[in-house]
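Below is one structure, written out as structure tokens, with a few remarks after it.
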Amino acid sequence: MPDILSQNQLGCYQMNLTNPNDIWRSQSVLQSTISLFGAQVAFILFSSRLLYYILRPFNQPLIVFQIIVGFMMNKETGGKVLPYLDLFPLESLVSGETISYIGLILYVFLIGLDMNIDTILKARKKATSIAVAGVIIPMVIGACLYEILLLISSHPEWGYHHLMPEKKPPTAYLFWSLILSVTGFPILAHILADLKLLYTGLGKVALTVAMIIDFYNWVMFSLLIPFCIHGYDVAIYSVLSNIIFVHICYFGLRPHLAKLIMRKTVKDDWDNIHLFYVVIGAFACALITDILGIHPIVGALVYGIMIPRGKFATLLVNKLEDFAGDYLVPWFFFSCGVRLKFSDVFQDQGWVALVGIVILSCIPKILSTVVTTFFFGMSASDGVTLGLLMNTKGILSLIMLNIGMDKKILSPGSFTILSVANLAMTVMVPLIINAIYKPRKRFAQNKLRTIQNLKVDADLRILACVHNTRHAMGMVNLLEAFNAVKVSQLHAFSLQLIELTGNTTSLLAAHIELPNPNPNHELPGSQALTQTESHLEMENIANVFRSYVEENNDNNKTTVETLVAVSSYSTIHEDIHNLAQEKQATFILLPFHKHSTIEGVMELTNTAYKDINQNVVGDAPCSLAIFVDRGLGSLLKIKLRVVVLFIGGPDDREALAVAWRMSKHKGIQLSMVRIFLSGEANELDPSASFSESRGLLTGNVDNEKQKELDDEYVSSFRLKAVNNEDSISYSEKEVHSGDDITLVLNELDTIGYDLYIVGQGSGQNYIVLSDLLKWTECPELGVIGDIVASNSFASSSSLLVVQQYGFGGTVFGTTTQQHPSEVASKAVFVKVE
């Protein structure tokens with residue numbers, strides 16, 4: 001076995017010197033090391049990600065599988081049966097581990113870039129108190145656990161003598177204390193995002209507490225590790241010299257570096273050579289701290305914190321994140337798995353110590369949070385849950401373990417026990433939290449949240465989803481049209497959707513814990529350059545909605561709450577569903593995945609936005625609409641001409657209900673056009689029977705019943721609205737084929753309406769519509785919506801495509817149909833996270 005597995009074994013290998021000289025004596029790197037390292041990285045990435053996707057339902061972080069793959073490469077585990085171990089010869093482990101430390105320096109540099117000191121310093125008392133207790137109490141208990149291990153290993157007759165460290169037991173106390181006090185903030189943020197707990201009160205507290213603990217852990221690592229690896233006399237000088245180095249960097253170099261970065265960022269003058277010089281600074285700082293007696297990663301962390309937040313920091317993260325985090329650092333986690341030696345643990349009764357230490361290691365964090373949260377009025381169950389979340393470990397604990405192993409402070413048995421304890425705690429967090437914490441909320445079927453069923457004087461609660469400032473400005477103009485009924489309040493929730501990446505976790509923590517910004521506060525130009533692009537986008541979106549409230553709140557009838565959802569785009573629709581349930585939204589507004597250019601052409605913004613919309617539409621907890629914005633004007637400045645197209649079905653009735661509510665605004669002129677399908681166009685499609693479509697109440701509703709509901713609702717609209725309001729008109733059109741539908745739409749477009757409102761079309765089981773749906777580019781818009789939104793239609797009008805909750809819904813791809821008996825008259829249980 002290679003010497004990285006144990007300090008008790010020596011590995012030897014033969015090396016052919018193909019490049020002998022006085023300076024560099026080794027094999028040809030290009031012929032031996034680089035190609036082999038590339039193959040090893042490919043194998044590690046493939047194996048770990050294969051396990052990750054197979055076990056994806058268990059919400060485990062990727063680091064777990066990278067360590068497991070390393071353990072599988074351990075010759076103790078599979079060396080005698082796994083032929084692919086030849087891919088990892090003895091000599092390659094040393095070079096691979098060396099290269100992984102280069103990635104480790106870059107990775108910690110990125111952690112420093114992402115560390116938000118302002119959020120930590122301004123955190124509320126509750127989060128800070130829980131964090132302090134979450135560090136001190138585990139440190140004390142960690143030392144006690146080591147004392148227990150020391151006691152049982154000192155008695156050979158008990159069978160635990162092989163767990164005794166070879167030397168330096170006093171410093172081992174400190175190692176055990178520090179390792180058990182660690183909480184991995186980036187790992188926890190991704191676990192919370194996967195479990196959809198970021199937006200619960202507990203999730204917000206957990207994220208901020210974890211960030212504070214993570215900062216404290218790095219500080220203690222920098223100050224205390226020198227005392228573990230050096231004598232006291234050397235360590236005190238090492239710590240003092242590094243403190244001086246940090247002050248020189250932060251107060252001496254940082255202002256000049258900030259000016260240089262700001263000047264070049266304004267000019268957009270960064271190229272790869274200049275970025276390379278900046279990255280070399282991380283290795284220079286790492287070298288300095290290494291010379292001064294502290295681990296090199298401390299220098300990289302300090303250098304990352306020293307770089308000002310802003311566009312440049314975002315540029316660095318985008319350039320380095322994939323290279324460091326996805327290709328180099330996995331080798332480090334892999335090597336941690338390779339080092340595990342269960343043969344030393346399972347001698348005699350060693351497995352009893354392993355199980356006992358793993359169980360006892362989970363207690364310190366839980367105990368500290370339960371005690372602290374009690375004084376802040378949190379329930380014991382929330383305290384236990386928060387403690388479980390704080391047990392999440394990350395890269396810092398693994399670095400400490402490797403230092404202890406390399407310096408022979410920890411024996412192979414102690415290293416394995418602590419590594420397994422860290423791994424087990426991280427694995428258990430998502431499993432236990434996913435099983436016990438997620439609450440469920442009951443929604444009765446007779447309280448369907450739709451605009452059609454909403455009483456006139458009832459409050460309207462709208463969740464408006466946006467990705468950028470352009471979307472926010474369009475949504476504000478649309479919200480003004482909804483704010484038409486003066487006897488009811490409009491509660492709008494602005495939800496910015498951000499993709500979860502490595503550099504958005506602290507941004508989220510800052511947003512959810514810091515108080516709301518001053519309404520009159522504006523970022524000056526120089527300060528704005530030190531903010532990340534995402535933070536600036538958040539500020540701009542918040543300002544758009546804040547201005548809307550100030551302009552429309554004469555009678556205190558309008559409220560807006562700004563929210564942020566940070567999650568993977570593949571699962572962010574679950575966050576939208578959960579927030580809609582939590583805020584009891586009646587209506588969800590989604591932005592279209594294309595935007596209108598100056599020439600009036602619809603241009604793709606982001607394909608991921610389309611997938612998000614389709615996922616939200618597929619299982620929305622209330623009625624929703626997709627908004628295609630072609631420059632909809634503000635009702636504060638102009639009057640809008642709105643047309644609602646009505647063919648029939650629940651979505652069209654919901655669209656008419658939306659238009660009916662908007663028509664009460666004095667600045668809106670509404671036209672309703674009812675389209676009758678006649679002749680061949682009126683033939684039903686037996687393969688798309690309405691009674692088999694998705695929805696909650698469609699079991700026994702047939703096409704004739706739908707027509708009766710349509711006639712009843714249209715008659716009510718004509719009686720109560722058209723006959724009493726001069727600003728509302730009604731007309732009918734008859735079509736006999738699909739071509740006639742396009743002709744009717746072209747005829748209407750010549751009038752020049754500002755906004756089309758149409759139903760998505762669920763339940764319209766006509767052959768002509770089914771045939772047209774097969775050719776749609778955007779099926780989430782339905783047939784009519786897709787035609788109006790297409791560039792070939794060449795319209796300058798905005799579009800709102802409505803889907804009604806309960807009946808509506810579109811199946812994209814293959815899904816399991818729901819049997820009517822499963823959604824009968826019982827209450828529906830909806831998961832709220």
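Worth pointing out:
- Filter result (open to solvent by less than 10 Å² (accessible area, probe 1.4 Å) and not small (Gly, Ala, Ser)) within the stretch 656-673: Leu656, Val658, Met662, Ile668, Leu670, Met672, Val673
- Close pairs from the stretch 589-618: first at positive phi, partner open to solvent by 60 Å² or more (accessible area, probe 1.4 Å), Cβ under 8 Å, at least 6 apart: Gly600/Ala794; Gly600/Ser796
- The residues of the stretch 786-829 that are outside any loop (DSSP other than H, G, I, E, B) and either open to solvent by 30 Å² or more (accessible area, probe 1.4 Å) or modelled with pLDDT under 90 (or both), listed by number, are Ile787, Asn791, Ser792, Phe793, Pro820, Ser821, Glu822, Val823, Val828, Phe829.
- Taking the listed residues Glu732, Glu780, the one that is part of a helix (DSSP H, G or I) and on the phi < 0 side of the Ramachandran plot is Glu780, with no other qualifying.
- Residue in the stretch 376-389 that is assigned to a helix (DSSP H, G or I), of a type outside the set (S, T, N, Q), at pLDDT 85 or above and over 25 Å from the mean Cα position of the chain (by Cα) present: yes
- Pairs with Cβ under 8 Å, 6+ apart, first in the stretch 362-376 and free of Cβ contacts under 8 Å to residues at least 40 places away in the same chain and polar (S, T, N, Q), second open to solvent by less than 10 Å² (accessible area, probe 1.4 Å) and part of a helix (DSSP H, G or I): none
- Those residues of the stretch 180-194 which are of a type in the set (A, V, I, L, M) and at pLDDT 85 or above, in sequence order: Leu180, Val182, Ile187, Leu188, Ala189, Ile191, Leu192
- Selection count where residues are out of contact with any Lys or Arg (no Cβ under 8 Å at 6 or more places or on another chain), among the hydrophobic types (A, V, I, L, M, F, W, C) and surrounded by fewer than 21 Cβ atoms within 10 Å (Cβ to Cβ), scope the stretch 746-768: 2
- Selection from the stretch 735-745 of residues that are over 14 Å from Phe646 (Cα atoms), part of a helix (DSSP H, G or I) and touching a residue at least 12 places away in the same chain (Cβ under 8 Å): Gly738, Asp740, Thr742
- Candidate set: the stretch 44-85, residues that are closer than 24 Å to Leu188 by Cα and among the charged types (D, E, K, R); chosen: the one modelled with the highest pLDDT: Arg49
- Residues that are within 18 Å of Thr559 (Cβ to Cβ) and either β-branched (Val, Ile, Thr) or not in a helix (DSSP H, G or I) (or both), drawn from the stretch 456-472: Asp457, Ala458, Asp459, Leu460, Arg461, Ile462, Leu463, Ala464, Cys465, Val466
- The test for being surrounded by 13 or more Cβ atoms within 10 Å (Cβ to Cβ) and on the phi < 0 side of the Ramachandran plot does not hold for Leu240.
- Every test in (1) crowded, with 23+ Cβ neighbours inside 10 Å; (2) over 28 Å from the mean Cα position of the chain (by Cα); (3) not hydroxyl-bearing (Ser, Thr, Tyr) is passed by Pro330 save one, and that test is (2).
Residue-wise test of (1) under 17 Å from Leu772 (Cβ atoms); (2) buried (at least 19 other Cβ atoms within 10 Å of the Cβ); (3) modelled with pLDDT of 90 or more.
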| position | (1), (2), (3) |
| --- | --- |
| Arg641 | no, no, yes |
| Glu654 | no, yes, yes |
| Ile675 | yes, yes, yes |
| Thr698 | no, yes, no |
| Ser727 | no, no, no |
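- Qualifying residue in the stretch 158-177 (condition: touching a Leu at 6+ places or on another chain (Cβ under 9 Å), among the hydroxyl-bearing types (Ser, Thr, Tyr), modelled with pLDDT under 80 and under 30 Å from Ile357 (Cα atoms)): yes
- When Ile366, Ile432, Ile436 are checked against the criterion of being touching a Gly at 6+ places or on another chain (Cβ under 6 Å), open to solvent by 20 Å² or more (accessible area, probe 1.4 Å) and over 26 Å from Ile229 (Cβ atoms), Ile366 stands alone in meeting it.
Conditions tested, residue by residue: (1) small (Gly, Ala, Ser); (2) in contact (Cβ under 8 Å) with a residue 24 or more places away in the chain; (3) buried (at least 19 other Cβ atoms within 10 Å of the Cβ).
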{"site": "Met262", "(1), (2), (3)": "no, yes, no"}
{"site": "Trp270", "(1), (2), (3)": "no, yes, no"}
{"site": "Ala284", "(1), (2), (3)": "yes, no, no"}
{"site": "Ala300", "(1), (2), (3)": "yes, yes, yes"}
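- Of all residues in the stretch 268-293, exactly one satisfies the criterion of being more than 17 Å from Leu316 (Cβ to Cβ) and among the charged types (D, E, K, R), namely Asp290.
- With respect to the conditions (1) farther than 30 Å from Ile120 by Cβ; (2) at pLDDT 85 or above; (3) in contact with a helix residue (DSSP H, G or I) (Cβ under 8 Å, 6 or more places away or on another chain), Val485 lacks only one, and its number is (2).
- Taking first residues from the stretch 108-129 that are closer than 24 Å to Phe374 by Cα and partners that are open to solvent by 40 Å² or more (accessible area, probe 1.4 Å) and part of a helix (DSSP H, G or I), the Cβ contacts under 7 Å between residues at least 6 apart in sequence or on separate chains come to Ile120/Phe215.
- Complete set of residues in the stretch 167-215 that are open to solvent by less than 10 Å² (accessible area, probe 1.4 Å), within 21 Å of the chain's Cα centre (by Cα) and small (Gly, Ala, Ser): Gly184, Ala189, Ala193, Gly203, Ala206, Ala210
Residue by residue, here is whether (1) assigned to a helix (DSSP H, G or I); (2) β-branched (Val, Ile, Thr); (3) more than 28 Å from Ser238 (Cα to Cα) holds:
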position	(1), (2), (3)
Ile273	yes, yes, yes
Val279	yes, yes, no
Phe283	yes, no, no
Ile288	yes, yes, no
Ile294	no, yes, no
Gly299	yes, no, no
Val302	yes, yes, no
Ala313	yes, no, yes
Asp322	yes, no, yes
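- Among (1) at pLDDT 90 or above; (2) β-branched (Val, Ile, Thr); (3) over 25 Å from Ala189 (Cβ atoms); (4) open to solvent by less than 10 Å² (accessible area, probe 1.4 Å) - the single one Val246 does not satisfy: (4)
The values are calculated or read from the model by the stated rules, or taken from the named source; none is laboratory data. These numbers were taken from a predicted model, which means no experiment stands behind them. Note that each Cβ is placed from the backbone with ideal geometry, even for glycine, and that neighbours are counted across all protein chains shown. The area values use the complete protein model at the heavy-atom level, side chains included, leaving out ligands, DNA and RNA. Shrake-Rupley method; radii C 1.70, N 1.55, O 1.52, S 1.80 Å.
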